[in-house]
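A quick write-up on the structure given underneath.
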Amino acid sequence: MDRVKTDLSVSYVDHNTLQYGGYENADDHKFLQTIASKHGVYFSRPGNGICHQVHLERFGVPGKTLLGSDSHTPTAGGLGMLAMGAGGLDVAVAMGGGEFNILYPKVVNVVLSGKLQPWVSAKDIILELLRIMTVKGGVGKVIEYSGEGVKSLSVPERATITNMGAELGATSSVFPSDDVTKAFMKAQKREGDWSELIADADATYDETIEIDLDTLEPMIAQPHMPDNVVKLSELEGMKVDQVCVGSCTNSSYRDLMVVSKAFSDEGKTVNPEVSMTISPGSRQVLDMMAKNGALSGMIEAGARILESTCGPCIGNGQSPTSGGVSLRTFNRNFIGRSGTQNAKVYLVSPEVAVAAAITGEITDPRKLGAYPKIDMPSEFLVDDSMIIAPAEAGNNVEVSRGPNIQALPISEPLPDSLSGNVLIKLEDNITTDDITPAGTWLKYRSNVPKYSESVFAGINPTFHEKAKAEKGGFVVGGENYGQGSSREHAALCPMYLGIKAVIAKSFARIHKDNLVNFGILPLTFADPSGYDGIDDGDELELSGLQSGLKAGNTLTLKNKTKGTEIALEHGYTERQVDTILAGGKLNYTKQNAA
C-alpha cells in the first residue's frame, strides 16, 4: 500500500529513546520518521511524550475505535474510545485497510459508588480491581465503568484505570464520555471532537462488580505480579531504596502536580537513602510544570527529572540496586523487568510514592497532612510542533535504513506434521518480558536475528543456542502464557529460532494472536493434567495438521519419548486456521489482498 487507509495513524518514539552504545537507536528513529512520512502517518518525535499520554491529549475522540501496537492502548478508554492493544502486524494490516478481528468479548460493569478520600487515588481503584479479578480475570472481557463515583474522576484519573485494565488481560476498558470529558477536551482546544457517550439505562452486562470509593484505602501491588495486591497498611515501615514516578499510567499533569505540591506544601525533600526519578508523560506536561514552577520544586526537593518517555518502566535506565526495594507508579512489576533481576518492585500511586520518597519507607500518605489541592487546567499549553505531518507525496520520500535494520523473516506454510523436542517447560504467568526482554535489548527490535538471542535469556541464557542446535522444537507453558506487553517479537523471535508450537494451559489474548500471525501453533491442553505428561526434552509429534485443523477443535499430540498421546485444543476461528496454514498473517494477507 502506498498510503494508509485509516482516518488517522500516528507513529510514536517513546519506548526506546536512549541513543546509547552505538548508532542503532538513532538509525531506527530516522527509519521510523521517513517511513511514516512516505506512507501517510503522523510522527511524534522522541521527547514529545509517551504515546498513550500524547494520544489522550491530542488525538483521542470519544466513540472512535483505536487500535495500537502496545498493550496499554486502552488508556484512551478514559475518553470514551474503544481502544484495544494488538500485535504490530495486526495494526499494520489494519492501516493498509485490512480487517481487525477479535472474539466478541463479555462486558463487565464496574460500578463506582461514593468518592475517593484524600490521598486515595485512581491507582488504588485499579489495584483493588486487580486484587478482585487477578491478571487473567479480564481475558475475553471489556471493562465498562459506571456509577456516581465516575463523575468525581478527571480524565487523567480515568485513563490511569483504563491503562491498567491491560494487567487484567482485558480486551479494553471504557468510561463514559460526559461533561468531565468535554471540559478536558475543551482545555486541549479540541472541543469539536467531543460527543456524549453514556450507557443506556437498561443496558445489561455479563458481570457486575461494585467498588465503594468512600471506604477504599491506599493499595500496593507486591512483587512480582500486578495482582499481588494488599492494603498499604500491611507493609508500612518497609525501607525503600528507589521511587520512580511516571510511565503511561501516572505521568499526567495532575499526577505530577500532586507530587510537586506534596513536597512544597510540606517543605520536604527526598530522603537521603532514596533515589527518586520523575518521568513526565508528555512534553505538554513537562512544559507546563516548567512554566508554573512545579518542576523546579521537584528538582529542589532532590528528584531526578528524566525525559518524557517510558524509560524505567521498560528497564531502559534507572535499574534499582541489587536486591533493592523500588516503589513505582508504573503498571507492571514482573521479575527482572526493571533491569535488576533480584529487585523487589512494588506498584503504587503517586501519593504513596511521594510519601515513601520523603520518609524513606513505605508510609501511608494520609499521614502527610492536608491533601494538595489540584485544579485541572481550564486551558492546556498546546504546542504540536514535535508532531510531524506526513509528506503530501510519499513517492518523493526516501526511506532511511541503517545497517541494524534487517529484513523481516517470513515463515513457511504449515507442513502436515511437526516433530521436535521440548526445548523448555515453563510455569504459569510467563510474560512477554520473559520471552523477549525489553531494556537494552530493545535496540535490536529491527534486527530479529540479533534480538532472538534474548529469547528466554532470563530463564535459560543459552536457550537460543539450544533452539538453533536442535533446529527448533516445542515450548510448553502453564496458565496465562504470554501475558503483559503486546510485544510481537515474543512470537517473531521464537519463529526465527524454529519454534513450531507453544502448548500451554491458557494464553493471553494478544500473544495468542501474535503466535498465529507468525505461523506458530498456540495449542491448549484439553485436560490441564496433560501438562504433567510432558517433560523438558521429550520428543513430540503432531501429524495430520492440514486436515485436522479444518476438521474440528481437537488435535492429538504424540509424546514419542513416553509413548503416550495427549489431547490438545486450538480454539481457532476459520480465518485463523487459514492464517496458520498459510504460515502466518503476512502470507495470508498476500494471498487474499486481491
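Worth pointing out:
- Those residues of region 226-243 which are in a loop (DSSP other than H, G, I, E, B) and closer than 26 Å to Tyr481 by Cβ, in sequence order: Pro226, Asp227, Asn228
- Pairs where the first residue, in region 34-54, is in contact (Cβ under 8 Å) with a residue 12 or more places away in the chain and the second is assigned to a helix (DSSP H, G or I) and among the hydroxyl-bearing types (Ser, Thr, Tyr), C-beta under 8 Å, 6+ apart: Phe43/Ser37; His52/Thr73; His52/Thr75; Gln53/Thr75
- Sole residue being polar (S, T, N, Q) and within 24 Å of Met288 (Cα to Cα), chosen from Thr181, Thr171: Thr181
- Pick from region 1-47, criterion among the polar types (S, T, N, Q) and over 19 Å from the mean Cα position of the chain (by Cα), ranking: nearest to Ser279 (Cα to Cα): Gln19
- Failed criterion for Thr579 (all others in (1) part of a helix (DSSP H, G or I); (2) surrounded by fewer than 24 Cβ atoms within 10 Å (Cβ to Cβ); (3) of a type in the set (S, T, N, Q) hold): (2)
- In region 244-269, of all residues being farther than 24 Å from Ile314 by Cα and assigned to a loop (DSSP other than H, G, I, E, B), the one that is modelled with the lowest pLDDT corresponds to Gly267.
- Residue check for Phe330: in a loop (DSSP other than H, G, I, E, B), closer than 19 Å to Ile220 by Cα and at pLDDT 95 or above: yes
- The C-beta contact set for region 370-396 (first residue in the same structural domain as Met289 (by TED's automatic domain parsing) and part of a loop (DSSP other than H, G, I, E, B), second residue loosely packed, with under 12 Cβ neighbours inside 10 Å and modelled with pLDDT under 95, distance under 7 angstrom, 6+ apart or interchain) is empty.
- Note on region 52-89: residues that are part of a helix (DSSP H, G or I) and either modelled with pLDDT under 95 or touching a Pro at 6+ places or on another chain (Cβ under 6 Å) (or both) amount to 3.
- Consider region 310-339 and keep the residues that are buried (at least 20 other Cβ atoms within 10 Å of the Cβ) and β-branched (Val, Ile, Thr). The one that is farthest from Asp124 (Cα to Cα) is Ile314.
- Among residues of region 549-561 that are outside any strand (DSSP E or B), those with a beta-carbon under 9 Å from a residue that is aromatic (Phe, Trp, Tyr) at least six positions away or on a different chain give the pairs Leu549/Tyr572; Asn553/Tyr572.
- Of the residues examined, Leu153 is one that is more than 24 Å from Asp206 (Cα to Cα), of a type in the set (A, V, I, L, M) and free of Cβ contacts under 8 Å to residues at least 60 places away in the same chain.
- Residues in region 387-405 that are surrounded by 12 or more Cβ atoms within 10 Å (Cβ to Cβ) and touching a Phe, Trp or Tyr at 6+ places or on another chain (Cβ under 9 Å): Ile387, Ile388, Ala389, Pro390, Val399, Ser400, Arg401, Gly402, Asn404, Ile405.
- Residue match in region 469-485 (condition: assigned by TED's automatic domain parsing to the domain that holds Thr561, modelled with pLDDT under 95 and in a strand (DSSP E or B)): yes
- Among the residues of region 295-325, those that are within 20 Å of the chain's Cα centre (by Cα) and not charged (D, E, K, R) comprise Ser308, Thr309, Cys310, Gly311, Pro312, Cys313, Ile314, Gly315, Asn316, Gly317, Gln318, Ser319.
- Subset of region 138-160 that is of a type in the set (Val, Ile, Thr) and under 17 Å from the mean Cα position of the chain (by Cα) - its residue that is surrounded by the most Cβ atoms within 10 Å (Cβ to Cβ): Thr160
- When region 525-574 is limited to residues that are in contact with a helix residue (DSSP H, G or I) (Cβ under 8 Å, 6 or more places away or on another chain) and basic (Lys, Arg), the one that is farthest from Ala508 (Cα to Cα) turns out to be Lys562.
- Exclusive hit being in a helix (DSSP H, G or I) and either surrounded by 18 or more Cβ atoms within 10 Å (Cβ to Cβ) or out of contact with any strand residue (DSSP E or B) (no Cβ under 8 Å at 6 or more places or on another chain) (or both), set Thr6, Thr34, Thr17: Thr34
- Condition check for Ile503: assigned to a helix (DSSP H, G or I) and among the aliphatic types (A, V, I, L, M): no
- Pairs, first at positive phi in region 228-239, second of a type outside the set (Ser, Thr, Tyr), C-beta under 9 Å, six or more apart: Gly237/Glu361; Gly237/Ile362
The values are calculated or read from the model by the stated rules, or taken from the named source; none is laboratory data. This is a predicted model, so every value here is computed, not measured. With ideal geometry, Cβ positions are generated from the backbone for all residues, glycine too; neighbour counts draw on all protein chains shown.
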